[in-house]
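J.: Take a look at this one; I'll ask things after.
Throughout, read-outs are computed from the coordinates displayed, never taken from laboratory work. In this text the structure is predicted, and so the values were computed from the model without any measurement. Cβ placement follows ideal geometry from the backbone for every residue including glycine, while neighbour counts extend to all protein chains displayed.
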Amino acid sequence: MLLRAVFVAPVAVLALLLAACTGQAPAPRPDTTARSTPSPQGSGTSEPDPGPAPPRTEVLVLGDVMLGRRVHDGQHPVRPLRHLAPLIGEADLAVANLECTLSDAGPPQQGGDSFVCPGGTLRGLERLGFDALSLANNHTGDFGTRALVETVRAFDGSSIQAFGAGEHRREAGRASVLTHEGVRFGFLAFNAIGETHAATRTTPGALSVRMPPRTGPLDRDDLRHVTGLVRELAERVDVVVVLPHWGTQYTHTPEPVQSDVARALARAGADLVVGGHPHWVQGFEQVGDTVVVHSLGNAVFDMDFMSQTMEGVALTALFDGAELTGLRAVPYRMDETFAPVPLEGADGRDVLTDLCASSIPPRRVRSRPATPGPLGPCGAVVRG
C-alpha cells in the first residue's frame, strides 16, 4: 500500500515556451475514426476516404538513473522516481539509462564512484512502467566482468529489455525492439566514455565508440560498426532511437565530434538521438529529419555539489505512425533526497533556457533539407 500511495502523487506537467521556441503546440492525438470528405454541392462525387489516422505513440526518455550510493536511503529502491511516476506510467514506451549495476560480484573498479543498485531495483522499475533500459555507460562495468554479465542476465526474466551491453559484441549490439499499435521501435545504445570495457567478439562489455573527449580520437571502425547496426535495424523497424553515452561533464556545450557522430547516425537511419553522461543538460540539434538531444542531464544522481547536476529534463517524443511530429520537455530539479521534482514558473524556465541556449541550428544530411518548425532545435520544446 505504501508503494502505491507514493506513486500516485500527481505531477504538474510544465508547459513553458521560451523566446527561442516556435510557439506552436504539439499535434493533438489523432482521431483514428475514418470519415469521408463531403463532396462539393452538386458534384455527385466524393473524395477517397483517407482511412484512419496513424496511431500516436508517446516515447518517454529519461537521462542517467543512478539509484545507489547516497541515493538509497533504505526505503524502496525506486522511491526517488516517485514524482516522475505518472509520466513514466502514462507513456506508451518508457526508456532510460541505468547507471548502476544489478550485481556487485567483484571488486569495485572505480573506488567510491562504483555504483550498485539496491536489491529490488529491477522489480521496482518494472512496476513503474519502464520498457527498456540502456546499459551502455561507463558504470555498467563498475564491479568487473562477472557483475556485468550478471547484470545483463538479470533482465532475462524481466518485462524490461536491456540493450547496449552483453557477454560479447553481438549481444551488446542487439537492439531492444518494442511495438506499440503495430509501429515497431528499435533502441540502440553505445558508450564513448570508457571505464566499462568495450565488448569484443569473445569478451563481455558495452557497445562502444572511441571518441573525444575521453577515449581518444574518433575511431572510424567503431563508428562504422555502430552505423551498420543502425542501418540493419532501420530495415526491420519503423523508428530507430539511439542513446549515446558521450561528451564532456559539467558543461552545457556539446563536443563538436558529437555533431559529427550524430550526422553519421542520421545518415544510417536514426530518427532520434538522445545522449547522456555530461550530467548537465545540452541542447537540441536537427540533422535533416533526425532530432538530436545531446544530454538530458541527470535523472537521479547524488551530485549535490552544483545546481546544474541536480537538474534535467524528461523528454517525450511524439510519433504519429513512424513520423516524429513533436517533442515535449518537462524540466525538474532533484530535492535533498535526490528525487527529481517537476518544476513550474521561473525555475523551470531557467532549466529550459540552458537547454535552448546550447542548441545548434538545423543541418543538412546529404540531399535531405533540414526542416525548421516544430522540430526545430529548441522549437522542439513545445507546449504539452
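J.: Quickly run through the stretch 155-182 and pick out the residues that are in a helix (DSSP H, G or I) and within 21 Å of the chain's Cα centre (by Cα).
T.: Taking the stretch 155-182 as the starting set, the residues that turn out to be in a helix (DSSP H, G or I) are 155-157, 169-172.
Phe155, Glu171, Ala172, listed by residue number.
J.: Mind listing whichever residues of the stretch 73-119 are within 27 Å of Val177 (Cα to Cα) and part of a helix (DSSP H, G or I)?
T.: Within the stretch 73-119, Leu81, Arg82, Leu84, Ala85, Pro86, Leu87, Ile88, Gly89, Glu90 meet the criteria.
J.: Collect the residues in the stretch 135-154 that are among the hydroxyl-bearing types (Ser, Thr, Tyr) and in a helix (DSSP H, G or I), keeping them in residue-number order.
T.: From the stretch 135-154, those among the hydroxyl-bearing types (Ser, Thr, Tyr) are 140, 145, 151; that's our starting set.
Of everything in the stretch 135-154, those that are among the hydroxyl-bearing types (Ser, Thr, Tyr) and in a helix (DSSP H, G or I) turn out to be Thr145, Thr151.
J.: Counting residues that are more than 30 Å from Gly74 (Cα to Cα) and not hydroxyl-bearing (Ser, Thr, Tyr), which strands (runs of 3 or more DSSP E) fully inside the stretch 305-361 reach at least 2? Walk me through it before giving the result.
T.: On the way: elements: 311-320, 323-334, 340-342.
Where strands (runs of 3 or more DSSP E) fall fully within the stretch 305-361 and carry at least 2 residues being more than 30 Å from Gly74 (Cα to Cα) and not hydroxyl-bearing (Ser, Thr, Tyr), they are 311-320, 323-334.
J.: Same structure, new question: Among residues belonging to the stretch 183-240 that are part of a helix (DSSP H, G or I) and of a type in the set (Val, Ile, Thr), point out the one that is surrounded by the most Cβ atoms within 10 Å (Cβ to Cβ). Full working, then the answer.
T.: First, pick out the residues of the stretch 183-240 that are part of a helix (DSSP H, G or I): 220-234.
Now drop any that are not of a type in the set (Val, Ile, Thr), which leaves 226-227, 230.
Numbers: Val226: 24, Thr227: 20, Val230: 22.
Out of the qualifying residues, it is Val226.
J.: Test Thr309 against the stated conditions and say whether it is touching a strand residue (DSSP E or B) at 6+ places or on another chain (Cβ under 7 Å) and more than 27 Å from Thr57 (Cβ to Cβ). Before you say what the answer is, go through the steps one by one.
T.: Details: touching a strand residue (DSSP E or B) at 6+ places or on another chain (Cβ under 7 Å): yes; more than 27 Å from Thr57 (Cβ to Cβ): yes.
So Thr309 fits the description; yes.
J.: Another question, if that's okay. Under 9 Å by Cβ, and 6 or more places apart or on different chains, what pairs join a residue from the stretch 155-181 that is farther than 17 Å from Arg236 by Cα and without any contact (Cβ under 8 Å) to a residue 40 or more places away in the chain with one that is surrounded by 21 or more Cβ atoms within 10 Å (Cβ to Cβ) and charged (D, E, K, R)?
T.: Short answer, once both residue conditions are applied: Ser159/Asp131; Ile160/Asp131; Gln161/Asp131.
J.: Just to be sure I understand the filter: pairs with C-beta atoms under 8 Å, separated by 6 or more residues or on different chains, first member in the stretch 207-235 and at positive phi, second member of a type in the set (D, E, K, R) and not in a helix (DSSP H, G or I). Which pairs pass?
T.: Gly216/Arg210
J.: Just to verify a result, which residue in the stretch 58-107, among those that are polar (S, T, N, Q) and surrounded by 24 or more Cβ atoms within 10 Å (Cβ to Cβ), is nearest to Tyr332 (Cα to Cα)? Working first, answer last.
T.: From the stretch 58-107, those polar (S, T, N, Q) are 75, 97, 101, 103; that's our starting set.
Now drop any that are not surrounded by 24 or more Cβ atoms within 10 Å (Cβ to Cβ), which leaves 97, 101.
Working: Asn97: 17, Thr101: 25 Å.
Looking at the filtered set, the residue picked out is Asn97.
J.: Sticking with this one: Looking at Phe284 and the list (1) outside any strand (DSSP E or B); (2) closer than 28 Å to Arg231 by Cα; (3) of a type in the set (Phe, Trp, Tyr), which single condition is not satisfied?
T.: (1)
J.: Name the residue that is nearest to Gly141 (Cα to Cα), counting only residues in the stretch 247-265 that are in contact with a strand residue (DSSP E or B) (Cβ under 8 Å, 6 or more places away or on another chain) and not in a helix (DSSP H, G or I).
T.: This residue is Gly247.
J.: Then there's this: Report yes if His294 is farther than 24 Å from Phe185 by Cα and either surrounded by 22 or more Cβ atoms within 10 Å (Cβ to Cβ) or in contact with a strand residue (DSSP E or B) (Cβ under 8 Å, 6 or more places away or on another chain) (or both), otherwise no. Lay out the reasoning, then the answer.
T.: On the way: farther than 24 Å from Phe185 by Cα: no; either surrounded by 22 or more Cβ atoms within 10 Å (Cβ to Cβ) or in contact with a strand residue (DSSP E or B) (Cβ under 8 Å, 6 or more places away or on another chain) (or both): yes.
Judged against the criteria, His294 is not a match.
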